[in-house]
Amino acid sequence: SANHLLIISSGSEPITRDTASLVDLTNGRIIAKRNIRPLFEEIKVKAGIGKNDEINIEGLAISYSEIYLLHRGNISGNIVISFDQDTFLSYLTHETENIPEFNIYHFNLPEYDGTKSGFSGACMLPDQSGVIFTASMEKTDNVYDDGIIAGSYIGVMPLTGLADGQFESTLVLFKGAVLLKKLEGITVKSASANKLVILAVSDNDDGTSDLFKMNLEID
């Protein structure tokens, strides 16, 4: 519901990044918490992520009925994992100990100047027909180390095209040049017709962040 916040660790390191929590926003209390490493390992197997590679969840979007996790794949490829919302929450709250079933969708995201982009943030379209995502670029070959920032894409993937890896995206520019920022979070501020006002936040790898306000037209 709108009164709850779902927080999921990236999974990129054992023990310290293995937790999912559900927070009641009316009082700030954690009402459910679970170590989901078994789920991460199950995702790795089904998605074909090698034993020496790690899962790296960098985006989360929640529709009325589904939960979508976006795996940033510097090595293993970019992947969307979808769950039935009720089933996932039953697992999180320990109502069931069974790992929830999920679907895996692979995406071939764009690259710029020889650098591949990877999922870095997500939210739902206001009409719930698709997921808006950010895909940032940095020159690194693993999920741990930061690299030279090469820019970001913003895109939309329609839910009807998940199985085919469908999306549309645009390279983020500022004054005619590539915006050399890693956009790693996105949300819709307002919407009218096919025009959205979105807010995006960057991770500058130096302890600072920037907040950006953008206009996005959806065809």
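The values are calculated or read from the model by the stated rules, or taken from the named source; none is laboratory data. From a predicted model like this one, the values you see are computed outputs, not experimental measurements. In this analysis, Cβ positions are derived from the backbone assuming ideal geometry, glycine residues included, and neighbour counts consider all displayed protein chains. These area figures cover heavy atoms from the full protein model, side chains too; ligands, DNA and RNA do not enter into them. Shrake-Rupley method; radii C 1.70, N 1.55, O 1.52, S 1.80 Å.
Select from the range 110-145 the residues that are at pLDDT below 95, among the aliphatic types (A, V, I, L, M) and open to solvent by less than 20 Å² (accessible area, probe 1.4 Å) and list them in ascending order. Across the range 110-145, the qualifying residue is only M137. Filtering the range 14-39 to residues that are in a strand (DSSP E or B) and closer than 15 Å to P100 by Cβ leaves A20, L22, A32, R34, N35. For the range 6-26, filtering for residues that are farther than 23 Å from I79 by Cα and open to solvent by less than 80 Å² (accessible area, probe 1.4 Å) leaves 3. Taking F174, is it open to solvent by 40 Å² or more (accessible area, probe 1.4 Å), under 24 Å from I55 (Cα atoms) and out of contact with any Ser or Thr (no Cβ under 9 Å at 6 or more places or on another chain)? Spelling it out, it is not the case that F174 is open to solvent by 40 Å² or more (accessible area, probe 1.4 Å), under 24 Å from I55 (Cα atoms) and out of contact with any Ser or Thr (no Cβ under 9 Å at 6 or more places or on another chain).
For the condition open to solvent by less than 30 Å² (accessible area, probe 1.4 Å), without any contact (Cβ under 8 Å) to a residue 40 or more places away in the chain, touching a Pro at 6+ places or on another chain (Cβ under 9 Å) and under 19 Å from S129 (Cα atoms), F88 does not qualify. Examine the range 42-65 for a residue that is within 15 Å of T19 (Cα to Cα) and without any contact (Cβ under 8 Å) to a residue 40 or more places away in the chain, and state whether such a residue exists. For the range 42-65, residues within 15 Å of T19 (Cα to Cα) and without any contact (Cβ under 8 Å) to a residue 40 or more places away in the chain: absent. None of I49, I31, I36 is over 23 Å from I186 (Cβ atoms), of a type in the set (V, I, T) and loosely packed, with under 15 Cβ neighbours inside 10 Å except I31. Taken together, E42, E58 contain a single residue that is open to solvent by 30 Å² or more (accessible area, probe 1.4 Å) and assigned to a helix (DSSP H, G or I), which is E42.
Take D206 and tell me if it is out of contact with any His (no Cβ under 8 Å at 6 or more places or on another chain), assigned to a loop (DSSP other than H, G, I, E, B) and exposed (fewer than 15 other Cβ atoms within 10 Å of the Cβ). In short, yes. Within the range 87-130, the set of residues being of a type in the set (A, V, I, L, M) and touching a helix residue (DSSP H, G or I) at 6+ places or on another chain (Cβ under 6 Å) comprises I99, I104.
Among the residues of the range 189-200, those that are touching a residue at least 24 places away in the same chain (Cβ under 8 Å) and open to solvent by 40 Å² or more (accessible area, probe 1.4 Å) comprise K189, A191, N194.
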